[in-house]
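Read the structure below first, then the notes.
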Amino acid sequence: METDPPEEKRKGGCLKIGLLVVAVALVTSVVTLWVAKGYLFPKAFRPVQLDAREEKVLDSKIEALTDRARQAPGNRDRAIQRPPHRQNGPRGALTPEPYGEKDADREIHFTERELNGLLAKNTDLARKLAIDLSDDLASAKLLLPLDPDLPFLGGKTLKVTAGMELRYADGRPVAVLRGVSVWGVPLPNEWLGGLKNIDLVREFGMDHGFWHSLAAGIEHIRIEDGSLTIKLKP
C-alpha cells in the first residue's frame, strides 16, 4: 500500500492553511467594509414624497390643527395670519368670530407617510430623520454629523436608532423606552440613566412636570402599523 511522503503531506497541509487564512482575510475585509459603509458612513435617508391625493389630505389635517390653535384661549385675540392662498376677509384679515369648543374635533390622526412627508416638506430633517410606526411602537432613525474636531470620529456621521412603546392602558397613557442603539450597538441601560423598559408616565407622572401634564391632556392614544391616533381631553 502506497502512502504520500511526509514532505508532500506537509506541503499539502501548508497549502490548505494558507488558503484558509486568505479566505478568512477576505471575509473579514468584506464584513469590515459593510460595517463601515452601513454604520460609520451611512447614506442620507430618502425623503418620503407624497402624491397629490396624500398632499391634499395632509394639508386639510394641518389646516384643521391650525384652526384649532387659532381658536384656543389666548390665541383668539392675536392677529394670526393665514397663508395667502387661504386668507379671508379684506387684505387677508381674519373674520371675527366667537370662541367655542362645543363641536370641536379633539382627535388627531396621522399616517407614517404623512409624518415623514411633513419632515420632507417643511424641514431638512427628512434626510437625517425617519419615523416608523408599528403596533404600540414608535421608532426613529437619526443621522448626526459629528464635529470634525472630535478625536477619532471627527467628521463621521453618527447613526442613532431608538424605540418608544406608546399605548393607552388602565385609563392613562403608557410610554416605555425600549432602547437606543448607536451604529447598531444597543446602549447599556446604565448609560440611558436606567430609563430603559420602564413606564416613564408612571415613574415621573406623579410630579407636576412634563410627563404629568402630557398624560393629563390625553384621553386616548393608539399606534397601529403605519398610523398614529391621539384624542385630547376637553
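Just checking, how many residues over segment 160-178 are free of Cβ contacts under 8 Å to residues at least 40 places away in the same chain, among the aliphatic types (A, V, I, L, M) and within 17 Å of K231 (Cα to Cα)?
Residues that pass the stated criteria total 3.
I'd like to know if segment 145-159 contains one or more residues that are within 29 Å of I230 (Cβ to Cβ), touching a strand residue (DSSP E or B) at 6+ places or on another chain (Cβ under 7 Å) and of a type in the set (A, V, I, L, M).
No, the conditions are met nowhere in segment 145-159.
Name the residues in segment 183-234 that are under 22 Å from K159 (Cα atoms) and acidic (D, E), would you?
E190
So, of the residues in segment 115-133 that are assigned to a helix (DSSP H, G or I) and more than 13 Å from the chain's Cα centre (by Cα), which turns out to be farthest from D225 (Cα to Cα)?
In this case the residue turns out to be N122.
I need the full set of residues from segment 188-234 which are within 21 Å of the chain's Cα centre (by Cα), small (G, A, S) and closer than 28 Å to R113 by Cβ, in order please.
Hits for segment 188-234 are A215, G226, S227.
With at pLDDT 90 or above, in the same structural domain as H220 (by TED's automatic domain parsing) and either surrounded by 14 or more Cβ atoms within 10 Å (Cβ to Cβ) or not hydrophobic (A, V, I, L, M, F, W, C) (or both) as the only criterion, which of K159, K141 stands out?
Within the list K159, K141, the selection yields K141.
Does L150 fit the bill of being assigned by TED's automatic domain parsing to the domain that holds A52, free of Cβ contacts under 8 Å to residues at least 12 places away in the same chain and hydrophobic (A, V, I, L, M, F, W, C)?
So L150 passes the test.
The conditions are (1) touching a strand residue (DSSP E or B) at 6+ places or on another chain (Cβ under 6 Å); (2) under 22 Å from M206 (Cβ atoms), and G179 fails exactly one of them. Which is it?
The number of the failed condition is (2).
Just to be sure before I move on: is A120 surrounded by 13 or more Cβ atoms within 10 Å (Cβ to Cβ) and either at pLDDT 70 or above or not hydroxyl-bearing (S, T, Y) (or both) in the structure I sent?
Yes.
What number of residues within segment 179-211 satisfy the criterion of being touching a residue at least 40 places away in the same chain (Cβ under 8 Å) and surrounded by 14 or more Cβ atoms within 10 Å (Cβ to Cβ)?
Residues that pass the stated criteria total 1.
How many residues, within segment 202-225, are under 19 Å from D135 (Cα atoms) and touching a Lys or Arg at 6+ places or on another chain (Cβ under 9 Å)?
6
The values are calculated or read from the model by the stated rules, or taken from the named source; none is laboratory data. These numbers were taken from a predicted model, which means no experiment stands behind them. Here Cβ is always computed from backbone atoms with ideal geometry, including for glycine, and neighbour counts include all displayed protein chains.
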